[in-house]
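The structure appears right after this line, and notes come after that.
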Amino acid sequence: MSVTSEIGAFTAVATVLTVTPGLDTTLVLRTATSQGPRSAYATVLGITAGVLCWGLAAAVGASAVLAASPTGYTVLCGAGAAYLIWLGIGMLRRARTRGRGAGTFGTDPSGSVPTKEAPLRSWSRGFLSNLLNPRFGLFYMATLPQFIPEGAPHFLMGLLLALMHNAIDLIWFSLLILAVRRLGDRLNRPPVQRGLDRVAGVIVIAFGVRLITPVIFS
């Protein structure tokens, strides 16, 4: 198989993975509606940085070490699950306090408008949600080698494929952010914001529980 055909095949797989609703989609949509396009793009850049890290790790064989080390895999699963559950609980807490006028974190003194967070915080949320998810790393380990032609340099080819995945992420999530922006005021109403926080919080917690459950009962 040629490099071009392998890139095309990987692009198809990565596109399906990207557009399938999941944790990344939840984080981007929730950030876009509550924080605006700037923070949403910061979250996307964090997601792509995490994808790039796992792609490079798979290209050099580092993910194989993770797969061969039950202890390392368990520790990473535990850290990832704890982070996601903590993140989801924070969203549920903001849903309860939003609109009460208490001036709590995530709202202004009137409680109706979300406080804008630093882009770095949005970036780190996207980055850590991917980096602390060993299943994503194992997915890359299982699929990436299949798209590296015989004789091609593994590191450079892995870097190229990971960058292709990054490009797909940027295009898809930009479309989602644009869609949220066009909806405008309808998504900025406090009841809608509370509902979105609740839904996002439950989904993120569910991902955390799903990540750690197989480890606990294995």
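The values are calculated or read from the model by the stated rules, or taken from the named source; none is laboratory data. Fair warning: this is a prediction, and the values are worked out from it, not measured in the lab. Don't worry about glycine lacking a Cβ; one is built from the backbone with ideal geometry, like all the others, and counts go over all protein chains shown. The protein model used for the area step is the full one, side chains on, heavy atoms only, and it has no ligands, DNA or RNA in it. Shrake-Rupley method; radii C 1.70, N 1.55, O 1.52, S 1.80 Å.
The GNM of the chain, with springs linking C-alpha atoms under 10 angstrom apart, assigns the highest mean-square fluctuation among 21, 191, 119 to 21.
Comparing mean-square fluctuations of 129, 174, 34 from a GNM of the chain with C-alpha springs under 10 Å, the top value falls on 174. Take the chain, connect every pair of alpha-carbon atoms lying under 10 Å apart with a spring to form a Gaussian network, then pick out the residue of 36, 78, 151 with the largest mean-square fluctuation. Its mean-square fluctuation being the largest, the pick is 151. Of the trypsin sites (Lys or Arg not before Pro) in segment 111-165, the ones in a loop by DSSP (not H, G, I, E or B) with at most 13 other beta carbons within 10 Å are 116. Each residue was assigned an accessible area with a 1.4 Å probe, and for residue 3 the value is about 60 Å². For the chain, adding -39500 (n - 2.57) for each run of n ≥ 4 DSSP H residues and dividing by the number of residues yields -26500 deg cm²/dmol at 222 nm. Just check segment 110-218 against the gyration tensor rule for me: Cα atoms, a ≥ b ≥ c as the square roots of the eigenvalues, rounded for a/c under 1.5, and otherwise prolate or oblate depending on whether a/b exceeds b/c. The shape class here is oblate.
Loop sites by DSSP among the chymotrypsin sites (Phe, Trp or Tyr not before Pro) of the chain, restricted to those with at most 13 other Cβ atoms within 10 angstrom, leave 106-216 as the longest stretch without any of them.
Compared with the direct C-alpha span, the chain from residue 38 to residue 155 gains 38.9 nm at full extension, assuming 0.36 nm per residue.
Spin-label model, residue 167 to residue 179: label points 7 Å out along the Cα-to-beta-carbon direction sit 2.3 nm apart.
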